[in-house]
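Read through the structure below, which is laid out as C-alpha cells, and then see the notes.
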Amino acid sequence: MSFRSLRNRIVAVFVGLLVLVMAMVLVLVNRSGDQIIDGVIERQLKSGARTFQILLSQNNSQLEIAAKLLASDFAFREAIATGDKPTILSALRNHGNRIRARKMLLVSLDGRVMADTQNPSARPYPFPLPDLLSNAEQSVPVSTIAAMPSEAYQVVVVPVFAPARLAWIVMGFRVDDAWAREFASISGVEVSIVRKDKGGINTLATSLSGELAADLPKAAARLDSSHSELLTLADSHYQSVAEPLDKNVLAILQRQIDQDAAPFRTMQVVLWGILAGGVLFFIVGSFLLARRITHPINRLALAAKRIETGDYSDALAVRSQDEIGELASSFVRMSEGIASREQKILRLAYQDLLTGLFNRTRFLQALEELSEGNPAAIALVDLDRFRHINNALGHGVGDHLLIVVGQRLDAISRGSGLLARLGEDEFAFLLPEHDQNAAWAFAETILEALRKPVEIDDQRLDISASVGIALFPQDGVNASTLLRRAELAVYAAKKHRSGIALAATVEEQPEPEHLSLIGEMREALVRDEFVVHYQPKLDLHSGEVIAVEAVIRWLHPERGLIQPCKFIPFAENTGFIREITPWVLEKVVDQAARWHESGRKLLPSVNISTYDLLSAGLVETVRALASDQKLTPGLCLEITESALMEDPEISLDHLMQLAALGVRLSVDDYGAGQASLAYLKALPIHELKIDRSFIHSLAQSPKDAAIVRSTVALGHALGLTVVAEGVETEADFVWLRQVGADLVQGYWIARPMPASELEIWLDKRQRWAVAAN
Amino acid sequence: MILAPKAWLPLLLACSACATAGSLEVVAATPEGKPIEDFAVVLEAAAPSPTKKTKSAIIQRDREFNPYLTIIQTGTAIEFPNRDPFKHHVYSFSQPKMFEIKLYAGKPAKPVVFDKPGVVALGCNIHDWMEAYVLVVDTPYFGKTGQDGRAHLDNIPEGVYRLRYWHPRLMDELPTRELRMGNENVRLTLKATVPPRPAHNKPPLEGSGY
C-alpha cells in the first residue's frame with residue numbers, strides 16, 4: 001500500500017484517527033473499568049461480609065431463642081434438677097429438631113457435658129470449649145463458631161436458671177459445606193470457615209468447590225483480617241477478606257472478580273467488536289469516500305495527460321457540485337482555453353497572416369503527407385514583376401495586391417486542393433489526384449483568374465503570373481524535391497514567358513547529388529572546403545594580365561572538385577548564397593591585397609547572383625570592406641544581364657550605391673538577356689562581358705561575329721570596357737584583338753587556378769614575354 | 001445432684017478473749033468499701049446446739065420475693081403469702097428442699113418445712129426475675145448484714161465455733177475458720193467481691209401505679 005496515493009493516505013488518516021480514539025476509549029474504559037470493578041468487588045465483598053454477619057447473628061438468635069426457650073421450660077429445668085437424663089435428652093432433641101440444630105448439649109456448671117444428643121449414652125465428659133463457658137458467665141448468651149474437635153459448629157451457650165444458674169444449654173448448627181453454600185447463596189460471596197493454627201490452615205467448611213477449595217489453605221495463608229486481598233484459586237481471581245470468628249477460626253469471604261467483571265468483560269468484547277466493526281466500516285467508508293475524491297482527480301489527471309498529448313476532444317464529465325466539480329469545470333475551461341490558444345498558435349504556425357491562406361510550413365507538411373499510391377500535382381504560382389510593383393507603388397499596395405491574388409486563387413481552389421502562400425509573391429496549389437493534363441488545365445484556370453486587372457486605390461494594375469507544375473510521384477517523392485522542381489519550372493516559365501511550365505520538361509533533372517550538396521554546403525563552409533580560383537584577364541592593348549575573375553570551387557572530400565554551376569544555383573535558391581558571397585568577397589579582397597603588396601596589379605572581379613544584387617546585404621558587405629580600407633587594389637563585381645532585368649529599379653539603386661563605393665561594375669553574359677540599351681545607358685557600369693555563346697560560335701557564325709563586332713563598337717561608344725570570355729582558340733584571340741576587344745579571358749589564355757598557381761603562371765608568362773621580345 | 005451449692009466461705013477476723021456469752025459483729029464490704037447487704041454469717045458449734053425452731057415467711061409483693069435472703073435453722077417452716085393481685089408459682093429445684101407451690105393467690109394452705117441444711121434457691125415460674133435464697137443451717141447462731149453491711153450475733157455462749165460466710169453472689173473463695181467465743185464482743189471486718197444483683201428484665205405492670 002503506497003502512501004504516495006492520496007486515497008491510501010485518506011484511508012490511513014481516517015482509520016488511524018478512529019483507532020487512536022478507540023484505543024484511548026479502550027484504555028479509559030479499561031482503567032476506569034478496573035477501578036469500577038475493584039470498587040464493585042470491594043462493595044460486594046463488604047456487603048457480603050455484612051450479610052454473612054447478619055446471617056450469622058440470625059442463626060445465633062435462632063439458636064439462642066430455641067435454647068432460651070428450652071432453658072426457661074419448667075419441666076426441662078425440673079428434669080435437670082432431678083437428674084432425669086432421658087427426659088433431658090428428649091427435650092434437647094425436641095428443641096433441636098425445631099430449628100434443625102445438630103449439636104445439643106447440657107453442660108453442668110462445673111463444665112462437664114451431662115447430656116449429648118449425638119452421643120446419648122456417653123458418660124459425662126469435659127466440655128471441649130471451657131473458655132466459652134467462662135465467657136458465658138460474663139455475658140449472656142454467648143455464641144461462636146468453633147471446631148469440636150474436627151467438625152465445626154455454630155454454637156450458643158445459654159444458661160439455665162432455676163432461678164440461680166443451674167446448667168448450660170449448648171446448641172449448635174453444623175457448619176459444613178452445605179451451610180457454607182447456603183450462606184454463600186444468600187450473601188453473594190464465597191464463604192469458607194477455616195481453622196488457623198501452627199500447622200497451617202484447615203478448611204472446616206467451604207462453599208468453594210473442588211480444586212478451588214483445594215487451593216484455599218495455601219492461598220489464604222497470607223490473608224489477615226485488616227484488609228482484603230486478591231487471591232488466585234485455580235486460575236480464578238477472588239477478592240478475599242478474613243473475618244475472625246473464634247480464637248483460631250476464621251471466616252474467609254471471597255468475591256470472584258471474574259463474576260463481577262463479566263458484564264464489563266462483555267462490554268469490552270462489545271467495544272472491541274465496535275472497534276473492529278468501526279475500523280472495517282471506516283476502511284470501507286473512507287475507501288469509498290477517498291475514491292469519490294480521487295476518482296475524479298484521477299480522471300482529471302488522465303485528462304491532463306491527454307491534453308499533454310494534445311488531445312482536447314474528451315470533455316470531462318464530472319458533474320458533482322462540490323470543490324472537485326468546480327475543479328473539473330475549471331479544468332475543462334482551462335483545457336478549452338489551451339485548445340483554443342493552441343488552435344490560434346497552430347493557425348499562426350500554419351497560416352499566412354497577410355492572405356489568410358496556409359503558409360509554407362503547412363504546405364510542406366501536406367506534401368510530406370502524400371502517399372505513393374495517390375498521385376498529385378503541385379502548381380507553383382509566381383507573380384511576374386511583383387518586386388517591381390512593390391518597389392514602385394509601395395509595400396501597402398504590394399500587400400493589397402497579394403491579398404487580392406490570394407482571394408482569387410482561393411476562389412478557384414475550392415474543392416480542387418490545398419492553397420498556400422509560400423513566400424512573397426509565391427503561391428502554391430496541392431492538387432490531389434491531378435495528372436499532368438488536369439494540372440495543366442488547372443494552371444490555365446489560374447492564369448485566367450489572374451488575367452483580369454486588379455484595382456487598388458483607383459489604380460489599375462495589370463498582373464500576370466507564371467505557373468510551374470511538378471507531379472507526384474514522377475518529379476519527386478519528397479516535399480523539397482517537388483517544390484524545387486516546381487520552382488525550376490516556374491523559372492523556366494518566366495524565362496520563356498510561356499506562362500506554364502512542367503517540371504518534367506525543364507532542363508535536366510537535378511542530379512540527386514545536387515540535392516544532397518545543398519545540405520552539405522553549410523558544413524562545407526564551416527570546414528573550409530570552398531576555395532577560390534582565379535582566371536586571368538588579359539589586356540589586349542598592353543598584353544599584360546591586369547585583372548582576374550574569381551570563381552568559387554568546392555573541394556569536396558569525396559567528390560573532388562565541384563564546379564560552381566553544380567551548386568551555386570542551389571545556393572541561390574536556398575538563400576545560402578547570402579553566406580557564400582560575403583565569404584568569397586572577403587577571400588578575394590584579402591588575396592588582392594596580398595598581391596597588391598607584392599607588387600602585382602590585379603583587379604579582382606567577383607560574380608554576383610541575382611539574389612545578391614537585389615538584397616541590401618551586398619551593398620552593406622562591400623561598404624564594410626571599403627571602410628576597412630580593403631578595396632585599395634580595386635574590386636569589380638560581375639552581374640548577369642538577366643539579374644539586372646529581374647528588378648531593374650532595385651538593381652539600379654544598388655548599383656549606384658556600389659559604384660559610389662568605387663566598385664567597378666561589369667555586365668556579365670551580355671547579349672543573352674533582354675537588357676535594353678536605354679536601361680544599360682542609365683546604369684553606372686564600366687564593363688561589358690560578351691556572352692561566351694557568341695565567342696564559341698565566332699568561327700562558324702558570321703552573324704555572331706557581327707554581333708560581337710558591333711557589341712564591341714557599342715561598348716566603346718558608351719565608354720565601356722568590352723571583355724570577351726570563353727576564348728579557347730588562337731583564332732578567336734586574334735580576331736578579338738582585331739575587332740578591338742579590350743580584355744580577353746578563356747582556356748586559351750589560362751583556366752581558373754588557385755592563387756599560388758596563378759602567381760607561378762604569371763611569373764612564367766612574364767619570362768616568356770621577355771624572351772619573346 | 002446438679003445443684004452445686006456455694007462453698008462455705010472462710011473469712012479473716014480479729015479475735016479477742018472469750019467470755020460466757022459474747023456477741024459477734026461483722027462488717028462486710030466490697031474492696032471498694034461498699035457495704036454488702038444480705039451477707040450470711042453462721043457460727044457452727046462443735047457440740048450439738050439447742051434447736052430454735054421458729055416460723056418464718058417469704059412474702060411475694062410487687063413481683064419480688066421479700067426478703068431476698070432468709071436464714072433458718074433446719075426444720076423451720078416458711079410461709080409464702082402472696083400479696084400481689086395475681087398468682088405466683090413458687091418453686092425450688094435445690095437439693096436440700098425441692099418443692100413447688102403451683103399457681104396460687106393469698107396464703108397457701110400450709111407452709112414449707114426445710115428439713116435439710118443447705119442453700120435453697122427459690123424462683124417463680126411465672127416471673128423469671130423473681131429469686132430468693134433460703135440458707136438452712138444446723139445452728140441457731142447466724143445473722144445477715146443489713147443495708148449498712150453490718151450483722152449482729154448476740155448471746156453466743158462461750159465456746160469454739162466454726163465461722164462460715166455465705167452470699168448468693170459471692171465471687172471469692174472465703175475460707176472457713178475456727179472462732180473461739182468468750183463473753184466479749186467480737187468485731188470482724190471482711191472484704192468480699194459481690195457483684196450487684198443482675199438487673200432482671202422486669203416488665204412494668206400495665207396500668208399499674210408502679
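So the values come out like this:
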| item | result |
| --- | --- |
| Peptide A:78-87, shielding by other chains (average Cβ, 10 Å cutoff) | 3 |
| Sorted by Cβ neighbour density within 10 Å, fewest at the top, the residues A:389, A:88 | A:389, A:88 |
| Ranked list, fewest to most other Cβ atoms within 10 Å of each Cβ, for A:26, A:383 | A:26, A:383 |
| Contact order normalised by residue count of chain A, Cα under 8 Å, 6+ apart, percent | 7 |
| 12 Å beta-carbon shell around residue B:30, net charge (K/R +1, D/E -1) | 0 |
| Three-way shape label, segment A:631-773, alpha-carbon gyration tensor, a/c 1.5 | oblate |
| Spin-label model distance (nm) - residue A:50 vs residue A:320, 7 Å beyond Cα toward Cβ | 6.2 |
| Cα centroid separation, segment B:46-81 to segment A:117-163 (Å) | 36 |
| Inverse mean reciprocal Cα-Cα distance (Kirkwood Rh) of segment B:140-210, Å | 15.5 |
| Residue A:672 long-range amide H proximity, modeled H, under 5 Å | A:691 |
| Table column - 3J(HN,Hα) (Hz), segment A:637-647, Karplus curve with 6.51, -1.76, 1.60, x for Gly and Pro | 10, 9, 10, 6, 4, 5, 5, 4, 7, 4, 8 |
| Relative contact order %, chain B, counting alpha carbon pairs below 8 Å whose residues are six or more apart | 36 |
| For residue B:113, distant residues with modelled amide H under 5 Å away | B:78 |
| Mean shadow area of the protein assembly as shown, taken as a quarter of the surface of its Cα convex hull (nm²) | 95.0 |
| Residue A:721 long-range amide H proximity, modeled H, under 5 Å | A:687, A:688 |
| Rounded to 5, the percent of DSSP beta bridges in chain B classed as antiparallel | 70 |
| Relative contact order for segment A:331-403, counting Cα pairs under 8 Å that sit 6 or more residues apart, in percent | 23 |
| Folded to 0 to 90 degrees: helix A:616-627 orientation relative to chain A principal axis, Cα | 80 |
| Taking all pairs of distinct alpha-carbon atoms in segment B:41-191, Kirkwood radius in angstrom | 16.6 |
| Gyration tensor (alpha-carbon) shape descriptor, segment B:26-109, a/c threshold 1.5 | oblate |
| Inter-site label distance for residue A:738 and residue A:84 at 7 Å from Cα along Cβ, in nm | 20.6 |
| Rg/Rh ratio calculated on Cα atoms of segment A:605-663 (Kirkwood radius) | 0.95 |
| Rounded, prolate or oblate (a/c below 1.5 giving rounded, otherwise prolate when a/b exceeds b/c) for segment B:106-148 by Cα gyration tensor | oblate |
| Helical contribution to [θ] at 222 nm, DSSP H n ≥ 4, -39,500 (n - 2.57), averaged over chain A, rounded to 500 | -17500 deg cm²/dmol |
| Residue of B:168, B:108, B:85 that the Gaussian network model of chain B assigns the largest fluctuation, springs spanning Cα pairs under 10 Å | B:85 |
| Beta bridges per DSSP with both ends in chain A, % antiparallel, nearest 5 | 80 |
| Tail fraction, Cα-Cα pairs, segment A:61-179, threshold 22 Å, whole percent | 22 |
| Rounded to whole Hz, the Karplus (6.51, -1.76, 1.60) HN-Hα couplings of segment B:40-47, x for glycine and proline | 8, 10, 10, 10, 9, 7, 5, 8 |
| Fewest-first sequence of A:272, A:583 by Cβ atoms within 10 Å of each Cβ | A:272, A:583 |
| In Hz, Karplus ³J(HN,Hα) per residue of segment B:85-102 (6.51, -1.76, 1.60; θ = phi - 60°; x = Gly, Pro) | x, 10, 7, 10, 9, 7, 9, 9, 9, 6, 4, x, 8, 9, 6, 8, 10, 5 |
| Lysines whose Cα lies under 16 Å from that of residue A:218, excluding same-chain neighbours fewer than 8 positions away | A:196, A:198 |
| Reach of residue A:601 by Cα under 25 Å, taken over lysines that are not fewer than 8 positions away in the same chain | A:537, A:587, A:630, A:689, A:764 |
| Spin-label pair residue A:4/residue A:218, simplified geometry with 7 Å Cα→Cβ offset, distance in nm | 6.2 |
| Cross-link reach list, lysines versus residue B:107, counting only Cα pairs under 27 Å and skipping chain neighbours closer than eight places | B:52, B:53, B:55, B:87, B:97, B:116, B:144, B:202 |
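The numbers here are math on the coordinates, done by the rules we state, and not lab data. All values reported here derive from a predicted model rather than from experimental measurement. Don't worry about glycine lacking a Cβ; one is built from the backbone with ideal geometry, like all the others, and counts go over all protein chains shown.
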